[in-house]
Each structure stands twice: as structure tokens, then as C-alpha cells.
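> One structure, as C-alpha cells, below. Some questions next.
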Amino acid sequence: MSKAPKEIVDSSRKIGRRGLLLAGIQLGVVTTLALKLRSMQVEHAEEYRTLADGNSIKVRLLAPARGLLLDRNGIVIAGNEQNYQITLTREDAGGDVEPVLRRLSHLIPISEERMTQLMDEFAKRTAITPIVLADRLTWEQFSSIAVNAPSLAGVQPETALSRVYPRAGDLAHVLGYVGPVSDYDLSKIEDPDPVLMLPEFQLGKVGFEARLEDHLRGKAGARRVEVNSAGREMRELSRKEGEQGATIQMTLDAQLQNYTAQRLGEESAAAVVIDIQTGDIVAISSSPSFDPNKFVRGISGPDYRALMNHDHRPLADKTVQGVYPPGSTFKMVTLLAGLEAGVINAGSRFYCPGYTEVGGRRFHCWSRGGHGSVDAVTSLSHSCDVYYYELAQRVGIDRIAEMARKLGVGVKHDLPMSAVAEGIAPDRAWKKARYDQAWQIGDSLNASIGQGYVLASPLQLAVMTARIASGKMVVPRLIHAIDGVQQPEPEFADLDVHPAFLRVARLGMDEVMNSSTGTARRSRIIREDWRMAGKTGTSQVRNITAAERARGVIRNDQLPWNRRDHALFVCFAPTAAPRYAVSVVVEHGGGGSAVAAPIARDILLFALEGGLPPLDAVPSDQQADMKARHEAMHLFTPETPRMTRA
């Protein structure tokens with residue numbers, strides 16, 4: 001059956017379109033093949049010629065430079081230094097690394113013990129994993145190995161960057177330190193970054209370095225190299241440098257931090273300084289400290305044991321990890337709870353005969369003879385315990401605990417530091433949950449003066465003081481800027497405490513320092529424009545029996561060090577326009593007024609002055625001692641320009 005003319009025309013058109021489509025596809029394939037052939041023959045000809053000659057092309061990762069840490073003034077407090085090292089890859093050595101190690105030992109010292117360690121390491125790692133044989137080589141050692149590289153299959157001389165902490169122990173606890181990536185580190189990461197597999201790559205272990213690892217690490221680069229059949233690198237074909245980690249500017253002041261560390265001396269102690277207006281932590285020091293550079297380089301057994309066995313616990317960060325009975329520094333919390341609850345006012349008085357008797361048990365005031373009739377302000381300036389025993393029975397522990405948390409005690413503050421403690425602001429529910437016991441009236445009396453179950457860190461005490469001084473919900477922070485971009489200035493909400501009640505607490509703290517009978521008058525600042533308010537605290541670490549009290553309480557200086565009271569002090573200045581809040585805790589230091597208060601006063605003066613405290617700011621009979629103390633210090637003075645990148 002013959003087709004109609006119309007059908008013939010339509011069929012011809014379809015065949016034409018199909019032909020054109022097929023021709024187009026064929027042209028595309030041919031063009032793609034031609035471009036690929038051109039690339040192989042022209043652009044990658046050298047690589048294929050290399051492969052044809054028996055050599056191979058390998059891609060090696062390049063470790064990025066770790067981001068810098070700067071203080072608030074641009075001073076480098078954690079940087080990078082050049083490190084000469086050599087690596088060996090088992091695959092490139094032909095599988096047997098021992099002959100190579102033996103030849104290498106003629107150029108640099110490799111002990112038999114180190115040889116055994118290296119052989120064990122090669123046995124554990126894959127054949128393509130480079131192992132660091134030695135680092136921190138001298139230039140002479142490094143160049144000698146580079147010259148002899150042709151006879152050392154698989155050995156690769158490399159320059160790398162290693163972390164360095166120029167201020168050593170000044171900032172060790174807050175910055176932490178880095179170290180080589182361990183199997184344990186990798187086990188904690190679900191999808192490890194390939195850069196972590198690089199030999200001796202350094203990872204943040206503790207502190208700021210660990211908490212900000214993702215910011216500081218950077219991104220790996222890569223280089224393509226030609227390697228011959230003997231495993232020796234012949235030449236570099238291409239290179240893309242890694243991306244340096246972020247430069248982070250902290251809120252800390254390196255000079256104030258240095259002074260604070262030296263003022264604490266060899267005491268087992270901690271100090272925190274907060275800028276009340278911004279929440280910036282400008283100094284946070286735990287004493288004694290340690291040199292984090294030793295951990296970066298691999299601390300020796302004797303050095304590590306010395307740190308671990310030291311009774312002052314230099315590895316512990318007492319500023320945020322240490323929690324202590326706050327003693328009388330907690331009395332502002334109890335006072336404000338009573339004022340807010342309406343059970344007292346500023347003029348309410350209680351009589352102090354030297355003790356309060358509850359349920360047949362006597363709760364003693366620190367002043368054995370008592371304070372007589374005491375109101376709210378003098379209860380702080382005289383630090384009368386009985387006033388707070390009486391107040392606690394009226395206000396109750398739940399309101400005291402609520403006020404404590406409002407002021408920052410019993411709250412875990414969000415800072416990029418290791419093991420920040422929450423402390424304890426105990427209430428009825430807490431004791432039931434913790435011990436399955438009912439709360440007792442005696443628990444309230446102990447808590448009212450910062451003893452018993454109450455525990456606070458030096459950081460929390462500094463936040464508490466800043467909030468009382470400002471009437472704002474001051475929140476501490478440690479990061480000022482990232483890669484030059486400043487973090488937003490915080491706007492603190494008003495503290496949910498009546499301003500009139502805060503004025504009562506501040507007046508009491510002022511009289512602690514400046515009234516003729518204040519417990520810390522000797523540590524006052526005599527310059528009126530820097531007038532200081534504060535509160536002493538002494539917390540017991542042992543029970544005083546009735547028999548000991550009857551014959552006379554043993555003085556702290558007659559007790560073993562670890563049985564002496566803790567000394568505490570909190571303060572702020574200037575009272576007219578508060579700028580800085582400071583807390584100091586001296587473990588087993590004895591009295592807060594005698595030990596902690598002078599330290600806190602001097603640190604506060606350095607912050608206000610922006611340098612060494614002027615002698616005319618302290619009472620005249622103390623100026624010679626201050627001058628001698630300053631002359632004995634080795635204070636840090638920046639001599640290098642500000643740095644922003646490695």
C-alpha cells in the first residue's frame with residue numbers, strides 16, 4: 001500500500017531531525033575527546049611523561065597555620081614559631097623503614113629507645129601515613145638531612161609551624177594548650193578532618209584552645225609532587241597554601257594579667273577582674289601556674305609528676321573549676337533576699353551577743369563578745385554573723401537561693417574555658433534530690449553566712465559583685481573580636497532587684513572599706529576618685545569543736561597549711577561610677593581582710609591606673625611595702641608592635 005504524499009513529507013522531516021540530533025551528539029563527543037586529548041598532551045604532558053618514566057604523582061596535605069590569639073590591645077598571647085622536622089612514609093621507603101632509620105641515625109641522634117618507639121608507631125599506622133621522626137631540629141641538622149635525602153628513601157625534611165605561648169604561665173589556665181592528635185582525640189570526632197592525620201598536627205587539648213578549635217584550626221592546603229620509584233620526592237608540581245585559622249582577640253589585658261599573676265605570687269589562689277560596663281574579663285588568673293609550652297613540646301615525666309604532686313595543684317584552674325564556701329562575701333546575697341522579701345528594711349536591727357541558739361545548739365559569731373545592736377549596713381561593715389542567722393530564719397533558704405542565682409552564684413556561666421563549675425546555691429529541693437534528706441534550720445543558718453552547702457567559684461563571686469555594683473545583669477565574656485570583627489557590645493538588662501535595696505548593700509560594702517570600724521579599712525584606696533567598696537570573707541575548712549571553742553580557737557598560723565581557713569575578698573571601684581569588679585580567693589590563706597583584701601586592692605588599682613598602682617593611692621604606712629613589692633616584680637612591658645597575622 002503506497003503512502004500518501006503528506007505522510008512521505010512528514011516522515012522525511014522526522015528522519016532529518018533525528019539525523020541532525022545524532023550528528024550533534026557525535027560532534028559533542030568528538031569535541032569532548034579532542035579537548036581531553038589536548039589536556040593530556042599539552043597541559044598534563046609532564047605528568048604522564050613522569051608516569052611513563054616510572055615515577056608517580058602524589059598529593060600531600062599542607063597543614064594550615066593556627067589562628068593567633070591576641071589580648072585586648074593586640075599583643076600576641078598565643079602564636080606560631082617555625083619548626084624544622086623530618087617525616088618518613090613507610091610506603092615510600094619500600095615497606096622496610098629500619099635500614100632508613102639506621103642510616104638516619106648517623107646524621108641525628110636516635111636512641112635505641114626512640115628507635116623502638118618509632119618501629120611500634122610504624123606498625124600501628126598505615127603505610128601511607130607519614131610519621132615524624134624528629135622535630136625542633138637545628139638548621140645544621142635539618143640541612144644535613146636535606147643534602148643526604150637521595151640516600152634516605154621516604155624521608156622528607158619539612159618546615160612546619162608549632163604553637164608558642166610568649167607569656168608562658170601568665171595565661172596558661174585560660175588559654176590551655178595544644179598537643180599532637182591522639183587516637184583518643186580521633187575517637188571523639190565522628191568525621192575527622194583529614195588534616196588531623198598529618199604528622200604531629202596540633203590540636204587544642206584544654207582551655208580556650210580546645211573550646212575554639214574549629215575557629216583556630218584553619219583549612220588544609222595541598223601540593224602535588226613527583227615521587228620516584230625509590231620513594232624520594234623529585235619535585236613539586238603545584239601548591240595551594242592552607243587557609244590560616246581565625247585571629248581571635250580576647251578581652252584579656254596581658255599586662256594586667258601579668259601583674260595579677262605576680263601579685264598572687266606562690267599562693268594557692270585565684271583572682272578575676274571584670275569590666276562592669278561590658279562584662280569583659282580583663283584578668284583571670286589561677287596560681288601557681290605552669291608553662292604550657294612544655295605540653296606543646298611533650299612534657300617530660302619528671303616535670304609532669306612535679307605538677308601532679310604539688311600540693312597547690314598548679315594544673316587546676318581555680319578561677320572557674322574551683323568552688324569554695326564563699327564565707328561572708330555571701331552576706332550581700334542574704335541581705336538582699338531579706339530586703340526583697342520585705343522581712344527587714346535598712347533600719348531593721350538584731351542584737352548580737354556573740355551567738356544565736358537554735359534547737360539547743362549555739363551558732364557563734366566570729367566576734368566572741370558580739371556586736372550589740374546591728375542594722376543592715378553595719379551588719380556588712382562589721383560582718384556580724386548573728387544578724388544573718390536571725391535573718392535566715394525569717395527569709396528562708398529558698399529565697400536566699402533564688403537571690404544567689406539572680407546574682408550569678410549557682411549558675412554555670414557560658415565561657416570558652418574547660419570545666420566551668422556551676423557551684424551550689426542550695427535550697428530544699430536540692431538537698432532532697434542530692435541527699436534524700438529534709439532541709440534543717442541549721443542548714444539555713446550556715447548558708448546565710450556562705451558556709452554549709454553553699455559553693456561558689458571566683459568567677460561567680462566577681463559576677464555577683466559586678467551585678468550588685470551596677471544593678472545590671474552583667475554577663476562575663478572572653479571574646480572581643482574575630483578576624484578584626486568586633487563582637488556586639490552587650491546591653492545588659494536591669495537586675496530584678498529594687499535599686500534602693502542594692503544601694504543598701506553598696507553602702508554596707510563602702511563602709512567595710514572606709515568606715516573607722518570596717519573590717520577591711522586597712523586595704524582601702526585613699527584617693528577619693530577611686531573610692532573602693534568591698535567585702536571580706538573567711539571560710540572554714542574544718543569543724544571547731546565545743547571543747548576547742550571553750551579553751552580558745554586555734555589560730556590559723558598554728559595549724560597545718562591545708563587545715564587553715566580560706567581567705568576571700570570581693571570589691572568594686574569607683575563607688576560613684578563602678579568600672580571594675582574583682583574577686584580574690586586564697587586557699588588556706590587565713591583571714592580575708594589580712595590576706596585577700598590587699599591583693600585585690602592592688603589588682604584593682606592596676607586596672608584603674610592602666611599600669612603600676614600609684615603609691616599615693618594607698619595609706620602612707622603601706623607605701624614603702626608596695627614600692628618594695630613592685631621593685632621585686634618582673635613586669636611584662638610589650639616591646640613589639642601589634643600583630644594580626646602569622
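> Against the condition surrounded by fewer than 18 Cβ atoms within 10 Å (Cβ to Cβ), among the small types (Gly, Ala, Ser) and either over 24 Å from the mean Cα position of the chain (by Cα) or within 24 Å of ALA466 (Cβ to Cβ) (or both), how does SER583 come out, does it pass?
no
> Right, next: Answer with yes or no whether GLU422 is within 25 Å of THR278 (Cβ to Cβ), assigned by TED's automatic domain parsing to the domain that holds VAL582 and acidic (Asp, Glu).
Spelling it out, GLU422 is indeed within 25 Å of THR278 (Cβ to Cβ), assigned by TED's automatic domain parsing to the domain that holds VAL582 and acidic (Asp, Glu).
> Here is a follow-up. Exactly one of (1) more than 21 Å from VAL76 (Cα to Cα); (2) modelled with pLDDT under 95; (3) touching a strand residue (DSSP E or B) at 6+ places or on another chain (Cβ under 9 Å); (4) in a helix (DSSP H, G or I) is unmet by PRO302. Its number?
Exception for PRO302: condition (3).
> Can you spot a residue in the range 138-151 that is at pLDDT below 80 and among the small types (Gly, Ala, Ser)?
Checked against the condition, which is being at pLDDT below 80 and among the small types (Gly, Ala, Ser), the range 138-151 yields at least one hit.
> Determine, yes or no, whether GLU390 is surrounded by fewer than 20 Cβ atoms within 10 Å (Cβ to Cβ) and in the same structural domain as PHE569 (by TED's automatic domain parsing).
It is false that GLU390 is surrounded by fewer than 20 Cβ atoms within 10 Å (Cβ to Cβ) and in the same structural domain as PHE569 (by TED's automatic domain parsing).
> Across the range 136-154, which residue is surrounded by the fewest Cβ atoms within 10 Å (Cβ to Cβ) among those that are touching a Lys or Arg at 6+ places or on another chain (Cβ under 8 Å) and either not polar (S, T, N, Q) or not assigned by TED's automatic domain parsing to the domain that holds GLN82 (or both)?
PRO150
> Among (1) in contact with a Ser or Thr (Cβ under 6 Å, 6 or more places away or on another chain); (2) outside the structural domain of VAL570 (by TED's automatic domain parsing), where does ALA306 come up short?
For ALA306, the failing item is (1).
> Among (1) at pLDDT 95 or above; (2) surrounded by fewer than 24 Cβ atoms within 10 Å (Cβ to Cβ); (3) of a type outside the set (Ser, Thr, Tyr); (4) under 23 Å from the mean Cα position of the chain (by Cα), there is one condition HIS371 misses while meeting the rest; what is its number?
The number of the failed condition is (4).
> With (1) surrounded by 21 or more Cβ atoms within 10 Å (Cβ to Cβ); (2) closer than 29 Å to LEU315 by Cα; (3) free of Cβ contacts under 8 Å to residues at least 60 places away in the same chain as the list, and TYR453 as the residue in question, which single condition is left unmet?
So TYR453 meets the others, but not (1).
> Given (1) more than 15 Å from ARG297 (Cα to Cα); (2) surrounded by 14 or more Cβ atoms within 10 Å (Cβ to Cβ); (3) of a type in the set (Lys, Arg), identify the lone condition not met by LYS188.
Among (1) more than 15 Å from ARG297 (Cα to Cα); (2) surrounded by 14 or more Cβ atoms within 10 Å (Cβ to Cβ); (3) of a type in the set (Lys, Arg), the lone unmet condition for LYS188 is (2).
> Report, ordered by the first and then the second residue, all pairs with beta carbons closer than 6 Å, sequence separation of six or more or different chains, a first member in the range 580-601 that is of a type in the set (D, E, K, R), and a second member that is part of a helix (DSSP H, G or I) and surrounded by 24 or more Cβ atoms within 10 Å (Cβ to Cβ).
Note: pairs meeting the criteria are ARG601/SER523.
> Select from the range 135-194 the residues that are in a helix (DSSP H, G or I) and of a type in the set (S, T, N, Q) and write down the one among them that is nearest to GLU98 (Cα to Cα).
SER151
> Identify, by number, the condition in (1) over 30 Å from CYS384 (Cα atoms); (2) buried (at least 18 other Cβ atoms within 10 Å of the Cβ) that ILE276 doesn't meet.
Of everything listed in (1) over 30 Å from CYS384 (Cα atoms); (2) buried (at least 18 other Cβ atoms within 10 Å of the Cβ), ILE276 misses just condition (1).
The values are calculated or read from the model by the stated rules, or taken from the named source; none is laboratory data. It should be emphasised that the depicted structure is a prediction, and the values quoted were computed from it without experimental measurement. Please note: Cβ atoms are built from the backbone with ideal geometry, for glycine as well, and neighbour counts cover all protein chains shown.
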